[in-house]
There are 2 protein chains.
Amino acid sequence: MSGLSEVLARLDQCAATSLSELIEFASIPSVSAQPAHQADMERAAGWLMERFKRAGLQTVERWPTAGHAAVYAEYLGAGEDAPTLLVYGHYDVQPPDPLEKWHTPPFTPTVRGERIYGRGVSDDKGPLLLTVQVLDAYLSTLGRLPLNLKFLFEGEEEMGSAHLNELVAQNAGRLGADFVLSADGGMWSASVPSLTVSARGLAALELTLRGASKDLHSGRHGGSVHNPLHALASLIAGLHNESGRVTVPGFYDGVADLTPQQREGIRQLPFSDEAYLNQTGAPAVYGEVGYSTLERQWHRPTLEVNGLWGGYTGEGSKTVLPAEAHAKITCRLVPGQEPERIAQLLRTHLERRLPPGITLQIHSSDHGARAYRLPDDHPGAAVAREVLAELYGKPPLDVGMGGSIPVLETFQSVLGLDTVFFSFAVGDEDIHAPNEFFRVPRLYEGQKAWAQFWWKLGQQKLAERRPS
Amino acid sequence: MSGLSEVLARLDQCAATSLSELIEFASIPSVSAQPAHQADMERAAGWLMERFKRAGLQTVERWPTAGHAAVYAEYLGAGEDAPTLLVYGHYDVQPPDPLEKWHTPPFTPTVRGERIYGRGVSDDKGPLLLTVQVLDAYLSTLGRLPLNLKFLFEGEEEMGSAHLNELVAQNAGRLGADFVLSADGGMWSASVPSLTVSARGLAALELTLRGASKDLHSGRHGGSVHNPLHALASLIAGLHNESGRVTVPGFYDGVADLTPQQREGIRQLPFSDEAYLNQTGAPAVYGEVGYSTLERQWHRPTLEVNGLWGGYTGEGSKTVLPAEAHAKITCRLVPGQEPERIAQLLRTHLERRLPPGITLQIHSSDHGARAYRLPDDHPGAAVAREVLAELYGKPPLDVGMGGSIPVLETFQSVLGLDTVFFSFAVGDEDIHAPNEFFRVPRLYEGQKAWAQFWWKLGQQKLAERRPS
């Protein structure tokens, strides 16, 4: 372990630099969903490539897609007999809206106490960057790594990784590995180490309802033509029943109920609704009747309206009967649900319930993903459990993830690879919301953990991990 | 009638100037609801005052309010025995949103064919301005008028005339008149002269629903806390039943059904749903079962959502479970409904139906007005009928107005005056919507009609009109 201690010592020495690098990286507003940030996306990709080169890698490539480019980098110096990991992460971030809710500007990363605040610091720039810093520490101390590494950092995760499938398929020959180690994901609590073994899938739709061909005066016309906002409210209201269940026919087909083991595992977790409500500020938990909060989040499918708008939304009053109403909807899926089928069921259901006087246009996005479950006996999971147990002094808990990482399916179906989540973000860090933060100590814990993961995996004989 | 012919000839000579004055006036973006346009409001008021002075009036005053100022001007040269009219109009306009739907900029009034396009040209700057132009024509030809005139042009009609009640009460001593002649209102069709004898009232509410105290990631949290957009959709959907009736208990209390005479009158009007759908671009009429389109617009109360918003409404996708959802609601009222009571019934109903996990805040605006009905035997209505019959060669039809003019109630309750609508706007001119327009020939028809109205009323003996 003398080699590893040098690496860890090096990381300690670079602690301040590591943090300032994150500040620099997270100050680039790489918002993939907004075309105005195209140049910033390129800037973030370029920044990452530079960082890989400074760490000592020679093979550092910009992989273009029809959307935003991915950054690829590789270290194959450990030879063919050594294990090979594909490290995944994403350098794009969510839009920062609503801007007025941020206490400090989203792209001026700011350290307050043990936290750094800024868009993307937790999802996924902090957890991603630390893997490059560990690479640097290995190469600058030992001059080599005990395993081969392929880094694939994409720029479209927050848009549903629309072009990654194609990119991975095109480069399948170069992306071969034993499994994927993901810097994206996140642990469910800061106080308890955990290993994420499942993630929900995703299906997304956008609706546009139209009534009259133009906005009308609600005094003159009110009550005589249909108001698309009323029709939209009825459609949305009709998507759940009073038990919190989704009413779309066929939505739950193929969905297995939780096993007694799953329910027991969740009951043993240190989780309370009270603490959860404190954390979210919600006045009460709410959801499908018959399930606890974590059961709902990890193992039950959902349908959520992410945005709804129409008519006059500005200051003051405008007595308008609007021509259009809009909604963005996403469903979170569990094993047994196919994204395309769910989108189609929803489409059919909405079209059937459309009232007279209103037309409906539905746009299904490519933003779809199947749910994922890591095999119980996966060798990568074993190493992760060992590293986390040593680092935190207690064995990690198996947890689910409510969110979705569409690339899980890409890696599974295109490359045949499982994915082990090894992110040091925590689920309460307000990702996708104002005042996103990352815990600074976890930047350093993550560095240690990744250094140890690579070291331990590198010691294993190939035969132990890779069947024939 | 020789005096009147001179006035009419003068108006003919000034036709081009009259139109260019409207272009100048309507190019001032006097949007009362948006604080950013405060200076434009002052500019519009100043422009009007200048115009009155140029017409030859000496008493031209800016009447401040806690909001936007009103412009007052008077001509009392006809003496105490002559009739006195209070002329009403408003110089403020609706916000121009959505801007992208305008074919030409809203505040660059543009003549295309026989129409002038621009925000406010129909509601109410064209119909208002022509009364000042008629005043000018009288004074520049005859040097006098056959009756006394008091002009009160307010700047808050599009905000519900919030401070007019107070202003009228404070100046009640100066505003005495035989009745109000309103330049606001509008005829229901360009091809058939009409006299508006009723207007619906108004009650307005704004709702804010809150769930969690901050926006949450809809992957991680979806399905475990209530989504305010779902709750809002349910509340809104629950405000109407499948017959298009408002479900708020007590909403229809005191509402009289249409009389057989009203229904027969409406049936005789040259109106077809087909033409109405062509005009509005709606695929079908829709509303309270058991009523025709005009019955719904003129004599039935409504509840309309004017705006609804929450969550991510920008480009692309953002998987957010929002903290807040908002709606702006207005009800149109008929005789028998009190605005405050309706707002209170709605408030109570919404609060009762609020689901767990959501809090509701309701803001009732001052934007309220009772419905109005002009007495059948009103002397001003007789003059209006005579003038319109001569001008258009056929007697005007009695029609209702779906919209509301809160000042009707102010004039009635504070000054004890009835209001006769004498506007030359037409209800299809896309007021409150993009591409609002005014028919240029009706600017000139309106001038002739107002000149004749004043002339005819001036010939009447006071005793004929004013009961001791």
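The values are calculated or read from the model by the stated rules, or taken from the named source; none is laboratory data. Model, not experiment: these values are computed from the prediction. Cβ sites come from the backbone with ideal geometry, for glycine too, and all protein chains shown count toward neighbours. To get the accessible areas, we keep the full protein, side chains included, count just its heavy atoms, and leave off ligands, DNA and RNA. Shrake-Rupley method; radii C 1.70, N 1.55, O 1.52, S 1.80 Å.
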To the nearest 10 degrees, how steeply does helix B:440-459 sit against the main Cα axis of chain B, on a 0 to 90 scale? 60 degrees
Quick check: at a probe of 1.4 Å, how many percent of the accessible area of the protein assembly as shown sits on carbon and sulfur atoms? 50 percent
Please compute the per residue accessible area over the stretch B:210-359 with all protein chains in place, 1.4 Å probe, rounded to a whole number of Å². 37 Å²
Hey, what angle do you get for helix B:2-13 against the long axis of chain B, alpha-carbon based, 0 to 90 degrees rounded to 10? 50 degrees
Looking at A:F151, A:S218, A:L207, which one has the Cα that reaches farthest to the positive end of the dipole of chain A (charges on Cβ: Lys, Arg +1; Asp, Glu -1)? A:S218
When ligands, DNA and RNA are left out and all protein chains stay put, how many square angstrom of accessible area per residue does the stretch A:1-142 have with a 1.4 Å probe? 38 Å²
Helix-derived [θ] at 222 nm for chain B: sum -39500 (n - 2.57) over DSSP H runs of at least 4, divide by residue count, nearest 500? -10000 deg cm²/dmol
The stretch A:385-421-the stretch A:39-86 distance, computed between alpha-carbon centres (Å): 22 Å
Loop GluC sites (Glu not before Pro), the stretch B:53-100 (other Cβ atoms within 10 Å of the site Cβ: 11 or fewer; DSSP): B:E80
Interface residues in the stretch B:235-253 - accessible area drops by 30 Å² or more relative to the isolated chain, probe 1.4 Å: B:A237
So if each residue of separation counts as 0.36 nm, and I subtract the Cα-Cα distance between B:K53 and B:A382, what length gain in nm does that give? 115.3 nm
Using protein chains only (no ligands, no nucleic acids) and a 1.4 Å probe, work out which residues of the stretch B:305-332 have their accessible area cut by at least 40 Å² relative to the chain alone. B:V305, B:N306, B:L308, B:W309, B:Y312, B:T313, B:E315, B:S317, B:K318, B:T319, B:K328, B:R332
Using the 7 Å Cα-to-Cβ label point, sort the distances from A:R43 to its equivalents in the other copies shortest first and give them in nm to one decimal. 3.6
Against the longest alpha carbon principal axis of chain B, how many degrees, from 0 to 90 and to the nearest 10, is the axis of helix B:339-352 turned? 10 degrees
The protein assembly as shown: antiparallel bridges as % of DSSP beta bridges, rounded to 5, reads 70 percent
Loop-only GluC sites (Glu not before Pro) in the stretch B:209-303, please: DSSP not H, G, I, E or B, and at most 15 other Cβ atoms within 10 Å. B:E242
Restricting to chain B, compute how many DSSP beta bridges are antiparallel as a %, nearest 5. 70 percent
Would you compute, for the Cα atoms of the stretch B:140-229, the largest minus smallest coordinate along each principal axis and list the three values in descending order, in whole Å? 79, 41, 26
What residues of the stretch B:191-207 lie in the reach of a label at B:R347, counting those whose backbone N is under 18 Å from a point 7 Å from the Cα along Cα→Cβ? B:202-207
Specify whether the C-alpha gyration tensor of the stretch A:194-278 places it in the rounded, prolate or oblate class, a ≥ b ≥ c being the square roots of the eigenvalues: rounded for a/c under 1.5, otherwise prolate if a/b is larger than b/c and oblate if not. prolate
Trypsin sites (Lys or Arg not before Pro) within the stretch A:360-468, DSSP loop, no more than 16 other Cβ atoms inside 10 Å: A:K461
What FRET efficiency, computed as 1/(1 + (r/R0)^6) with R0 = 30 Å and r the Cβ-Cβ distance, is obtained for A:E340 and A:S243, rounded to the nearest 0.05? 0.65
Copies compared at A:A15 - label distances in nm, ascending, label defined 7 Å from Cα in the Cβ direction: 8.7
At q = 0.10, 0.12 Å⁻¹, what is the base-10 log of I(q)/I(0) for the stretch B:236-373 according to the Debye formula with one equal point scatterer per Cα and no solvent? Please give it to two decimals. -0.45, -0.63
Along Cα-to-Cβ, 7 Å out, sits the label point; list in nm, shortest first, how far the one on A:Y392 is from those in the other copies. 7.8
Under 18 Å by backbone N from the virtual spin label 7 Å along Cα-to-Cβ at A:Q268, the residues of the stretch A:185-211 are A:188-189, A:192-198
Could you work out how far apart the two model spin labels at B:L76 and B:S213 are, taking each label as a point 7 Å from the Cα in the direction of the beta carbon, and quote it in nm? 6.2 nm
Between B:E114 and A:T359, take the C-beta separation as r, use R0 = 22 Å, and let me know the FRET efficiency to the nearest 0.05. 0.10
Quick one: what does P(r) look like for the stretch A:306-464 with 5 Å bins over all Cα pairs, in whole %? 1, 6, 11, 13, 14, 13, 11, 8, 7, 5, 5, 3, 2, 1, 0
When every alpha-carbon pair in chain A is counted, what percent end up more than 31 Å apart? 46 percent
For the A and B pair, go ahead and give the buried accessible area with a 1.4 Å probe, both sides summed, in Å² to 100. 7300 Å²
